Amino acid sequence: MRDPAPVPPPAPPESGAPGTTAVVLATTAAAALRCGDGTLADRLTAQLAALPVRDVHVVGRSGAVIRAAEGTHLIGSHGSRGLADDLRRVARLARDSPGPVAVLAGDLVAHTEALAVLLGRPGRGTGAVVATADGEDPGPLRPPVRVEDGRVVAAGASGAPLPGANGTFRGVLQVGESHLEALAEVAEELAARAERRDGPAGGSQEAGPDGAGTAADGAGACALLLDGLVRAGVPVRAAAPGRLHCDRVAGQPAADAAVRRLAEVDEDRARLEAAVKGDDGFFTTYFVSSWSPYLVRLAAELRLTPNAVTGISVGLAALAAVWFSEGTREARIAGAVLFYLSFVFDCVDGQLARYTRAFSVFGSWLDATFDRVKEYAVYAGLAFGYAAGTAAGGAGDGAEDIWRLAVAALVLQALRHMLDSSYTEARAAAAASGAARAPGTGDAPGAAGAGGDRDAAGAAGGVAGLSRRLEQDSFTRWLKRMIVLPIGERTALIAVTAAVFDARVTFLALLAWGGLATLYMLGGRMGRSMV
Amino acid sequence: MAGSSPRPPWRPSPRPVLFARGAVAVHRDDGVPSRVMGALVAGQLPPLPPALVGMFVTGVLLSIGVAGTDDLAVFAPAVALLLTGPGSSHPHDGRLDWLVPPILRLTEYGFTAAVGFAHGVPPWLVFALLGAVVFHHYDVVNRVREGLRPPLWLAAAGLGWDGRMLLIALGGITGQVVPVFVLLALYLWGLFGWEGFTCWAPVPRSGRGPSAGGTPG
C-alpha cells in the first residue's frame with residue numbers, strides 16, 4: 001500500500017449525502033493472494049478507507065465481514081455459496097443502502113486514485129471504471145465494453161468478443177441512488193438465472209450464465225451486473241483511470257508484477273492533473289491551469305478548504321473593484337492584476353475540491369454565486385472609476401453613459417447565462433423523456449445498439465455535424481471555445497482593456513464580443529433544437 | 001451473453017420528474033399576476049409566441065420614449081403581462097420554448113433600465129436593483145442544477161418579473177421612481193441574499209437533498 005506523503009487526509013463525503021456502501025467480491029482464489037502482510041482483498045479494503053465509503057462488505061467463499069468506515073467493528077457472517085448467492089447479497093444491499101452501492105472485484109490491484117475516479121464522488125450517479133487506452137486487449141479479467149460519448153453502451157460479460165469494443169471494464173462499478181432499484185432487479189434476475197442453471201444451492205463450481213470463462217469465478221459478477229445495468233437502460237458513465245492502473249490479477253506472479261507496476265506512476269501528480277478540468281477555455285488552460293496546480297498543492301499543504309480559497313478569490317475581486325473605482329491608469333493596472341489573481345484563485349478552489357475530494361453543495365453554490373458577484377462588482381467598480389474621471393474632467397454626460405454601458409454589459413451577460421441554462425434544462429428534459437420512452441421500443445440489445453448508431457449518424461448532419469467536424473481541428477476547436485467568451489476570456493478581456501485603455505473600451509469590447517457570442521450560441525442552439 | 005432472454009421490465013430513472021410544466025418553466029420567475037392569468041386560461045395558450053410579441057411591443061414602446069412619460073410607462077408591463085402571463089400555465093416543452101425565460105429576462109431588465117435612466121435614477125442604483133434581480137435568477141438556475149426547486153413563496157415574495165415591472169411603472173405614474181428603486185433594491189437584496197444563504201448554508205439537509213427533493217411539483 002503506497003500513498004505519497006503530500007496527499008491530504010481522506011475527505012468526508014459530500015455534506016449530507018450518505019457515503020457509498022462497497023461490496024468487495026473476494027470470491028476468487030486471487031483475492032486471497034499475498035500482498036505485503038495481507039491479501040489482495042485486504043489491500044483493497046484498506047484503500048477504500050481513504051475514499052468516501054460508508055462501510056465495506058467483503059464477501060468471500062469461507063466467510064463474509066462488514067467493516068464500518070472507521071474500521072472499528074467487524075461483523076462476520078456465512079460465506080457466499082456461489083454466484084447466485086453473491087448476486088442476491090448485492091441485491092439485498094441495493095435495497096437497504098441509503099447511499100450509492102459500489103461493487104468491486106476482490107482480485108484488483110489498483111491505485112487508490114484509480115478507484116477514486118469513480119468512488120471519489122458518490123453523488124455523480126452510476127459509473128464503471130473503464131480503460132480505453134490503446135493496446136490493452138480485452139481478456140478474461142478485463143471484459144470488453146463499448147463506450148460512446150463517455151457512456152458504456154454495451155458490455156460483454158462472456159468471453160465472446162464484443163463488436164465495436166473500444167475499452168475494457170476493470171472490475172469497479174458504482175451505482176447511484178436513483179438506480180439502486182434497477183441494480184437490485186438486475187442482480188435478482190441474474191441470480192435466478194444462475195440458480196436455474198446450477199440448482200438452488202448455487203453449487204460450489206459456479207460458471208457464468210453462458211458457461212464462459214470470465215464469469216466462471218464469482219468476481220465475474222461485476223461484469224454481469226454491468227452488462228445487466230446497461231441493458232436495462234441505466235446510463236453508466238465510463239470513468240477512465242488514465243495513466244493509473246486498475247487491474248484484476250489471476251496468480252501470485254501477476255499480482256506481484258501488478259503491485260510493482262503501481263510504483264511506476266506518480267500517483268499524486270496524476271491526481272493533481274486529474275483535478276484540472278479538461279474542457280476549459282484557451283485562456284484558462286494556458287494562462288491559469290498552467291501554474292494553478294502549484295497553488296492547489298500549496299493550499300492543500302496549508303490545509304485550506306476550497307471555501308476559504310473562494311473567500312480569497314472574492315477578497316481579491318473586491319480589492320480589484322476598489323482599485324478600478326479609483327479611475328486612474330495606475331489604479332486600473334493594479335485592479336487588472338488583482339482581478340486576474342482573483343480568477344486564478346477561482347480556478348484553484350474547484351481544483352482543490354477535486355484534489356482533496358472535499359465537495360460540498362454549499363461550496364459549489366458559493367463558487368457559482370460569487371463568480372457572478374465578483375464579475376459584476378468589477379463592472380460597477382469600472383463604471384464608478386470612469387464616472388469619477390469624467391466628473392473631474394468636467395464632462396457630465398460621460399458618467400451617465402458609462403453606467404448605461406455597464407448596465408448593458410450586465411444585462412447581456414446575465415441573458416447569455418440564462419439562454420445557456422434554459423437550453424441545457426430543456427435538452428436534459430427532452431433526453432429524460434426520450435430515455436423513458438425508449439426501453440419499451442427496443443427489445444434486443446443488438447437492435448438498441450443499431451438504433452443508437454443510427455441516431456448518431458442522423459445527428460451528424462446539420463448544426464451538430466458541422467460542430468463535430470469543427471472539433472476535429474485543434475485551431476477551430478479553440479476558436480469555437482473562445483467565441484462564446486467563457487469566463488477566462490472575459491477576465492482577460494476586462495483586465496487587458498481596463499489596464500491598456502479605459503472602462504469605456506472594456507464595456508464596448510464586452511458588448512461587441514458578448515453580442516457576437518450570443519448570436520453564435522442562439523443560432524447554434526436554435527438549429528439543434530429544430531433537428 | 002444473456003441476450004436471448006426478454007428485456008426486463010425495469011425502467012431507467014435518469015432524472016427525477018421535478019417540475020410538472022418542465023424545468024424550463026421554473027426559470028420564468030412568474031409573480032402572482034402572471035400565475036393568476038395562467039390559471040384563467042388553464043394552459044391553453046402556448047408560451048413562446050405571446051412572450052415574443054410581449055418583448056417586441058415592450059421594446060417598441062420603450063423606443064418611442066414611453067419610459068420617460070410618467071403616465072404611459074405602465075402600458076409596457078401591462079401589455080407584456082397580458083400577453084405573456086396566460087402562457088405561464090402551459091407546459092414549456094416545445095422545441096424553442098427554452099427561449100421564453102431569456103425573453104422574459106430581456107423584457108424585464110430592459111424595462112427596468114429604460115425607466116431608471118429616463119427618470120434620472122442614480123445610475124448605480126439602476127445597476128444595484130438589476131444586480132439583485134440577476135442574483136435571484138442565477139440562484140434559481142443553481143438550484144435547478146442541483147435538483148432543487150425554489151419555494152413557491154419566494155417567487156411570490158420576490159414579486160416575479162411581472163410584479164416588479166408593474167411596481168416600477170407605478171413609480172412612474174406617481175412620479176416616485178427613485179424611492180421605488182431604492183425600496184425595491186433594498187428589499188430584493190435582503191430577501192434574495194438572506195433566502196439564498198439560508199437555503200445553501202451547510203445545515204443538516206434533511207429531506208432537501210437532490211434525491212429527497214424529488215417531489216413532483
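The values are calculated or read from the model by the stated rules, or taken from the named source; none is laboratory data. Since the model is a prediction, treat every value here as computed from it, not as a measurement. Neighbour counts run over all protein chains shown; Cβ positions are idealised from the backbone, glycine included. Remember, those area values only see protein heavy atoms, side chains included, never the ligands or the DNA or RNA. Shrake-Rupley method; radii C 1.70, N 1.55, O 1.52, S 1.80 Å.
At what distance in nm do the modelled label points of residue B:198 and residue A:430 sit from each other, each positioned 7 Å from its Cα along Cα→Cβ?
3.9
If one takes the accessible area of chain A alone plus chain B alone and subtracts that of the pair, with a 1.4 Å probe, what total in Å², rounded to the nearest 100, results?
When A and B are taken together, about 5200 Å² of accessible area is lost.
What full-extension length gain, to one decimal in nm, is calculated for residue A:197 and residue A:526 as 0.36 nm per residue of separation minus the Cα-Cα distance?
Going from the current span to full extension adds 113.1 nm.
Starting from the Cα of residue B:173, step 7 Å along the direction of its Cβ; do the same at residue A:256; then give the gap between the two resulting points in nm.
9.1
What's the extension gain from residue A:303 to residue A:266 if we count 0.36 nm per residue and subtract their Cα-Cα distance?
Result for the pair: 11.2 nm of gain on full extension.
Test of the criteria: in the stretch A:215-310, which trypsin sites (Lys or Arg not before Pro) are in a DSSP loop and have at most 11 other Cβ atoms within 10 angstrom of their Cβ?
Answer in residue order: A:303.
With every protein chain present, what is the per residue accessible area of the stretch B:23-200 (1.4 Å probe, Å²)?
Roughly 37 Å² per residue, with all protein chains present.
Using Cα pairs under 8 angstrom and six or more residues apart, how large is the relative contact order of the stretch B:23-200, in percent?
Over the stretch B:23-200, the number comes to 32 percent.
Run through the stretch A:120-198 and list the GluC sites (Glu not before Pro) located in a DSSP loop whose Cβ has at most 15 other Cβ atoms within 10 Å.
Qualifying residues, ordered by number: A:136.
Provide a list, ordered by number, of residues in the stretch B:119-137 showing at least 20 Å² less accessible area with every protein chain present than when their chain is taken on its own, using a 1.4 Å probe.
Residues meeting the cut-off: B:123, B:124, B:127, B:130, B:134, B:135.
Taking the Cα of residue B:52, stepping 7 Å toward and past its beta carbon, and measuring to each backbone N in the stretch A:497-531: which are under 16 Å?
Under cut-off, by backbone N: A:522-531.
Provide a list, ordered by number, of residues in the stretch B:88-109 showing at least 20 Å² less accessible area with every protein chain present than when their chain is taken on its own, using a 1.4 Å probe.
Those are B:95, B:96, B:98, B:99, B:102, B:105, B:106, B:109, which lose 20 Å² or more relative to the chain on its own.
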